[in-house]
């Protein structure tokens, strides 16, 4: 056991059981998996991704370049750092052999997000951040303070004295003051992982992982905080980095600050026979603390002379200090057993069970870098630190290169800083690596990337650290180079014979630490992924056993299978019922735009290819809209309700797009037109009643309406009422059959639908879905924008030249129709395709190629004539048929072409686009 | 995730807005009088400057009104916003 009495901020009154690599262990609440393992003397936790070498715990928090584990219970999750997994009862984990395993069961945990605005956001609750937050709160600001550890205080161990008190007491006092402030939000276990423009910061709060099975079910597991701050204070401290030497990847080697953290935070003495290899003063504090806790410590200082202040303290405690020393190798396998050192040219081996390294400190200025803050190498620090300021962002404390406690307090509170003892500081030595075999000197331990890899990259001619990073993968693992990035820059500079300031370092980009996709998705998973729009009749469709399809965000009934019917059988039955009798469709999803104003007619004339201003009140006209390029944008019917009022009906999928399009033209090009647009899609429910018996049904449902062809002609609408409820009926046909569209306020949708079903019962009125609707319209060659078009199809290509006005001076797209390419007879045009065998249904998207009598394809590249856009079985025709866009199609009617299907060439005849009732005899009944 | 200032609503999250391409491209008075090449330039050709660029924007998830903005294409910073119909302001880049 390596748990030391009197140390740690864990709850020793309770024991937590966990399993690692199949072995049962115990720890305490407040432990991490790493600290609990170290407390049992376990250092090795996995094997490396390429070389299969043992990997241990290298740090105490997110900068650990190794120490990855797989969590099995409570929920399988790979690639987590043992140092960041808070210990819970029943935790089951195992070491990673390079790669993790994703869960095969659904993640039932909940994730959410929250938006917060504040005057000042402080990231980091170490001494600098705490004081910055306190200062802002005392100024009366709304403050958010986020910190990624379980408790505030940053790296303060409790051995420091602030304002005459132990530092932990000082921390508790500041935290209490913040808690009492009404406009302060203080979040621990919350990592600010990205900063963006205008003071926007994303932070991930881990709300329940530390609670284990005791987590309340009403609490989300993780929450993304979306924080908009007027000012961001980056007080994120610094990451210690190691020195690179041969075999520096063994378990039992960790950062000096990590060993200190394990002792003071968790009460764990990570080793008994400790060697500390350092280039700077900071590691001496770790040496002294570990000695005080019972370890035997030797300090190897790379500098020619040891700092006198610290050396004196070490002498008092019989800690051997050897200046001018370097570690050049290690021994051991699953744990270090000794170090090979060189001191003043003399080689020596020292036994040890723990080797601590400290090669300097890298300011954790990632958030500053995210918003294009520049970092510059500071030779005195031996690190990159923030250079020019960024508006709205302050970087304070160690994140700004202020590594002494007094300086951090001053950065946070200015003149109001509490007092602390200043420690004499001796200049650090900048040392990237020691002598040794480059192939055994690991730079990025997780990536198994060595100095030899950097040498190979430089030898291949790479000079930029960005390129070398990608060539070697250094800095691309889970830790994103928190320890290895600057070392790599330093070694590159050495190899190139240039100063480090010239090579620079790679740009930090979000996320600072890994963030689960589930956390980013929040509630937008499963049914909440996208809003579902349903018609007022949805529950009726569900009860009728409808199968639904997604059309944009709408759930539309696709077909209504009878018992044991598949889709093909259902659709054939529905089609036959419509053309042979009467059917009814829920068409409420069609887009509807109310256009009002004295210039409403003028607006529509400018947008549609045909004339709308000549439309009489009470009449309906089909119209097409194009872009400036002359390509079809949308189509639909227009009802003239009054001199200054029209109802524009669009495709279901195009409704929002058409409204935006009309609004854009109105506001940007034609602001003088007096017209207003309002979407009324959801206000009206629309039920087409279709088929030879539809007039009978309408007459039965609306006794006061004269439905004769003379009184109610095709493409006209009339208002009537039922039990005081207004109803608008329009004679519009999307199937070529006699048809009436019944429009009613959506509040009365169900009542109207049931009324129509009742009125049509004697004629076996049949509900039909979108699939049948598609077949019926295709049999008549009516195109669907977005299915039969792709943005490169003109009205003429679709056989809609009759809808293009030749009288209007101008409309959107008109000028393009006179371009030579638009009148090229070889353009792809809409035609029908009839498979010669009368059995094959051509898959939509199939390519059309020239017919060859020998049934073979010409050698590649095979010229493509076009593709199938719609394809169905037809009850009316008794065979499958398709619509297709084919080069010069209209002039090739009667020709035979080939369509490759499943490796076979299917002969198909090109036909006109109207296959059913081409003379239009059925329209008027 | 910038803040963009709508001329009517004030600063709002970037996600509330819809981009509309280059601003101040007036629809021709008489398209029929244009040559094919001139018409093609209007339909397909757009400037691509480095630095300040006048663009159309719509506050699509807010007031739904269109406005113009001058944005620095290097930094994405919005240098000015102004209502439709106004001339592009002089902005220092």
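Read-outs: derived from the displayed coordinates by stated rules, not from any lab. Given the structure is predicted, the values throughout are model-derived calculations rather than measurements. A quick note on method: Cβ atoms are made from the backbone with ideal geometry, for glycine too, and the neighbour counts reach across all protein chains shown.
Annotations
- Antiparallel %, DSSP beta bridges [both residues in chain A], to 5: 75
- Value of Rg to Rh for the stretch A:585-690, rounded to two decimals, is 0.94; Kirkwood radius and Rg both from alpha-carbon coordinates.
- When each of A:806, A:498, A:887 is scored by the number of other beta-carbon atoms lying within 10 Å, the sequence from fewest to most is A:806, A:498, A:887.
- Equivalent ellipsoid of the stretch A:728-801: semi-axes from √(5λ) of the C-alpha gyration tensor, largest first, are 30, 14, 12 Å.
- Long-range tail of P(r) for the stretch A:654-709 (Cα pairs > 18 Å, %): 58
- Shielding of peptide A:663-671 by partners, expressed as the average count of other chain Cβ atoms within 10 Å per residue Cβ, is 5.
- Where only C-alpha atoms are counted, convex hull volume of chain B per residue in Å³: 112
- Extension gain (nm, one decimal) between residue A:642 and residue A:423, 0.36 nm per residue minus Cα-Cα: 70.2 nm
- Relative protection proxy for A:581-590, A:179-188, A:148-157, from highest mean packing down: A:581-590, A:148-157, A:179-188 (other beta-carbon atoms within 10 angstrom).
- Relative packing of peptides A:890-903, A:464-477 - highest average C-beta neighbours within 10 Å first: A:464-477, A:890-903
- Here the alpha carbons of the stretch A:566-614 define both size measures, Rg and Dmax, at 18.7, 52 Å.
- Inter-chain shielding of A:627-638 (mean C-beta neighbours from other protein chains, 10 Å cut-off): 1
- Quarter of the Cα convex hull surface for the stretch A:465-537, i.e. its orientation-mean projected area (nm²): 7.3
- The stretch A:60-153 - share of DSSP beta bridges that are antiparallel (%, nearest 5): 65
- Stokes-Einstein D (µm²/s) once Rh is taken as the Kirkwood radius of the stretch A:26-116 over alpha-carbon pairs, at 20 °C in 1.002 mPa s: 154
- Part-to-part distance (alpha-carbon centres) for the stretch A:223-299 and the stretch A:397-415, which is given in Å: 19
- Order of A:478, A:564, B:24 - criterion: other Cβ atoms within 10 Å of each residue's Cβ, fewest first: A:564, B:24, A:478
- Kirkwood hydrodynamic radius over Cα pairs of the stretch A:713-853, then Stokes diffusion coefficient at 25 °C and 0.890 mPa s, in µm²/s: 127
- DSSP finds beta bridges in the stretch A:275-405, and of those with both partners inside it, around 60 percent are antiparallel.
- log10 of Debye I(q)/I(0), alpha-carbon scatterers only, for the stretch A:1-152 at 0.13 Å⁻¹: -0.74
- Pair residue A:179, residue A:838: separation of 7 Å Cα→Cβ label points (nm): 8.6
- Largest to smallest principal axis extent of the C-alpha atoms in the stretch A:1-68, angstrom: 42, 26, 17
- Simple spin-label estimate for residue A:567 and residue A:518 gives 3.2 nm between the two label positions (7 Å along the Cα-to-Cβ direction from each Cα).
- Residues A:484, A:816, A:805, sorted so that the one with the fewest Cβ neighbours within 10 Å comes first: A:805, A:816, A:484
- All Cα-Cα separations within the stretch A:413-543 were binned at 5 Å from zero, giving a P(r) of 2, 8, 14, 14, 10, 7, 8, 8, 7, 6, 4, 3, 3, 3, 2, 1, 0, each value a whole percent of the pairs.
- The stretch A:805-925 - Rg (one decimal) and Dmax (whole number), Cα, Å: 16.8, 52
- Cα centroid separation - the stretch A:86-103 against the stretch A:1-74, whole Å: 11
- Once C-alpha pairs closer than 8 Å and six or more residues apart are averaged by separation and normalised to the residue number of chain A, the relative contact order reads 9 percent.
- Alpha-carbon Rg/Rh ratio, for chain A, with Rh computed the Kirkwood way: 1.13
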